[in-house]
Amino acid sequence: MLGKTTKATTSPLVIERGGHTVSRKNISDNALKVLYRLNKGGYDAYLVGGGVRDILLGQQPKDFDIATNATPEQIKALFRNCRLIGRRFRLAHIVFGRDIIEVATFRGHHDNADNKSSVKKDSANKNAKKQHSKQSEHGMLLRDNIYGTIEEDAERRDFTINSLYYSARDFKIYDFANGLADIEKKQIRLIGDPETRYREDPVRMLRAIRFATKLDMKIHKDTASPIPTLAPLMANIPAARMFEEYLKLFLGGKAQANFHLLAENNLLQYFFPQMSQILAANSNKAAIAFIEQVLINTDKRINDGLRVTPAFLLAAVIWYSLEENINALMVGNTMAPQDAFFAAMHEIMAEQQRCVAIPKRFQLPMKDIWILQQKLHRREGAKAFKLLEHQRFRAAYDFLLIRAQVEGGELQELADWWTNFQEASPDTQQQMVKSVRGPRSNSRRRAPRKRRKPSAPE
Ligand code: ATP
Ligand code: MG
């Protein structure tokens, strides 16, 4: 993977063109265009992060990120197809249809950060920094728009393996943080003091886990050991960012491994509070077996190149807590089953939203999947045929199959019925529907529809 290396005067380890495996063939045309244009405009520009790391590891990068000494405004002036985004972290997006190349200006150090920077700290500089950087009482960076040199930028990145810079001008790799050595050792190691770095941005704890499973690497002990204690810092992360992280952790083909590593590190509760409690207390065996199977299936689908919706796993992770809530509401028969179902669904969705902001377009399919779990019992008359036409039938049926696998019994019979029904000829389907016992046999109907108010106590 790596060959000849030389030490440059600026102190990074420099790997010559022939000494590494990153070649322009591995880099997308759009990323190369952006690198060349920046260079031509008189700026330094490097491929950095996952783009370099993944190629060195023989993997296909998910996207290409670029770092430059041009400011966002200077980048915008160079590209017609440029959009400036972000407040906390200002970035340029160069848009090529559906492909977006992210360009970040080199980040500098913050005044109160623990750093070895040589930046002069005169008062004018300090005032400028105040406007562009902001830290919370917990040490979290709320705004991070101080620009700096490539050396500073390298120190501000999260892990050593993410701090490798490839230049399309001289085709060399610049390694400021011993990232190459860590790639060889297959270890995830934070740059700088782990606790400070996690306090600045607690999401780095999630990133450590994600990279460990994605790249099949170990988290260095100094980077791993503070995580369980610092996990409560996650409570300060906005729910919208948690949704982004949910997508990366659970829809990247390593959902099962990430789920367990998050749980081991006290981090799962910040995504799925109810499920995390069930796991910790080992209080609902079906729920645990169910989520395990859904995670396995999700990873398999992704690794087989099949489509997955973020809604399915979210619906699954909450399902048994929803059932528990419904049952709790129905204790003493004070609420009709249908009312209890909707009340519990409302309540549990609100609780989930406080951790992870699920966009409406995924909330609706989640609710559909849940509602259909009830409806799949009702097959008489035209109901079964109608259900087959439902936009979310497939997802709901898959959901039922896994529940049946876990619970067996009547649920397995129901799942088998639906499997046969879909494969049956129209005549057989008619017979199947006729032989389904009417609504009176449905267990949900056993609960009285409306209860009279109890008479006054004697
Ligand atoms: P992938 O895109 O495969 O998920 P990546 O390493 O490219 O992995 P991105 O989220 O695309 O991750 O970020 C690009 C680079 O930006 C990272 O490699 C890292 O250098 C830097 N970076 C991203 N997030 C952080 C963070 N929270 N703290 C410090 N540096 C970060
Ligand atoms: Mg990336």
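The values are calculated or read from the model by the stated rules, or taken from the named source; none is laboratory data. Predicted, not measured: the structure shown is a model, and the values here were computed from it. Every residue, glycine among them, receives a Cβ derived from its backbone with ideal geometry; neighbour counts consider all protein chains shown.
Which ones in segment 14-29 are in a helix (DSSP H, G or I) and over 31 Å from the mean Cα position of the chain (by Cα)? Spell out how you get there, then give the answer.
Looking only at segment 14-29, we keep the residues that are in a helix (DSSP H, G or I), and these are 17-19, 24-26, 29.
Scanning segment 14-29 gives Arg17, Gly18, Gly19.
Ala124 fails exactly one of the following numbered conditions: (1) closer than 30 Å to Lys218 by Cα; (2) modelled with pLDDT under 65. What is the number of that condition?
(1)
Name the pairs whose Cβ atoms lie under 6 Å apart, with the first residue in segment 329-350 and touching a residue at least 12 places away in the same chain (Cβ under 8 Å), the second basic (Lys, Arg) and in a helix (DSSP H, G or I), and 6 or more positions between them or separate chains?
Matching pairs, first to second residue: Pro337/Arg444.
Look at segment 19-54 and say how many of its residues are away from ligand 2 (no atom under 12 Å from the Cβ) and aliphatic (A, V, I, L, M).
7
Anything in segment 340-378 that is among the small types (Gly, Ala, Ser) and more than 20 Å from the chain's Cα centre (by Cα)? List them, or say none.
If we filter segment 340-378 for residues that are among the small types (Gly, Ala, Ser), which is where we start, we get 340, 343-344, 350, 357.
Matches in segment 340-378: Ala340, Ala343, Ala344.
Just the residues that are among the hydrophobic types (A, V, I, L, M, F, W, C) and assigned to a loop (DSSP other than H, G, I, E, B), please, taken from segment 283-336.
Residues of segment 283-336 among the hydrophobic types (A, V, I, L, M, F, W, C): 286-291, 294-296, 302, 306, 308, 311-319, 322, 326, 328-331, 335-336.
Within segment 283-336, Leu306, Val308, Met335, Ala336 qualify.
Those residues that are more than 15 Å from ligand 1 (Cβ to nearest atom), farther than 14 Å from Arg107 by Cα and at pLDDT 95 or above, I need them from segment 45-74; list them, please.
Within segment 45-74, Gln74 is the sole residue that qualifies.
Only helices (runs of 4 or more DSSP H) wholly contained in segment 158-264 count here; list those with 1 or more residues that are within 11 Å of ligand 1 (Cβ to nearest atom) and either free of Cβ contacts under 8 Å to residues at least 60 places away in the same chain or over 25 Å from Glu351 (Cα atoms) (or both). Before you say what the answer is, go through the steps one by one.
Numbers: elements: 179-185, 194-200, 203-214, 221-224, 227-230, 239-250, 255-264.
In segment 158-264, 179-185, 194-200, 203-214, 239-250 are the helices (runs of 4 or more DSSP H) which contain 1 or more residues that are within 11 Å of ligand 1 (Cβ to nearest atom) and either free of Cβ contacts under 8 Å to residues at least 60 places away in the same chain or over 25 Å from Glu351 (Cα atoms) (or both).
Let's see how each residue does on (1) in contact with an Asp or Glu (Cβ under 6 Å, 6 or more places away or on another chain); (2) in a loop (DSSP other than H, G, I, E, B); (3) in contact (Cβ under 8 Å) with a residue 60 or more places away in the chain:
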position	(1), (2), (3)
Leu47	no, no, yes
Arg53	no, no, yes
Gly58	no, yes, no
Lys62	no, yes, no
Lys76	no, no, no
Arg80	no, yes, no
Phe89	yes, yes, no
Ile101	no, no, yes
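Filter segment 155-197 for residues that are under 24 Å from Lys33 (Cα atoms) and away from ligand 2 (no atom under 16 Å from the Cβ) and give the result.
Ser167, Ala168, Arg169, Asp170, Phe171, Lys172, Ile173, Tyr174, Asp175 - these are the residues of segment 155-197 that are under 24 Å from Lys33 (Cα atoms) and away from ligand 2 (no atom under 16 Å from the Cβ).
Within segment 319-339, which residues are touching a helix residue (DSSP H, G or I) at 6+ places or on another chain (Cβ under 6 Å) and of a type in the set (Gly, Ala, Ser)? Give the steps one after another, and end with the answer.
In the first step, residues of segment 319-339 are kept if they are touching a helix residue (DSSP H, G or I) at 6+ places or on another chain (Cβ under 6 Å); the result is 320-322, 325-326, 329-330, 335, 337.
Within segment 319-339, just Ser321 meets the criteria.
Considering every residue within segment 340-356, establish whether at least one is out of contact with any helix residue (DSSP H, G or I) (no Cβ under 7 Å at 6 or more places or on another chain) and outside any helix (DSSP H, G or I).
The answer is no; no qualifying residue exists.
Of the numbered conditions (1) closer than 30 Å to Gln430 by Cα; (2) surrounded by fewer than 19 Cβ atoms within 10 Å (Cβ to Cβ); (3) modelled with pLDDT under 95; (4) not aliphatic (A, V, I, L, M), Lys367 fails exactly one; give the number of that condition.
(3)
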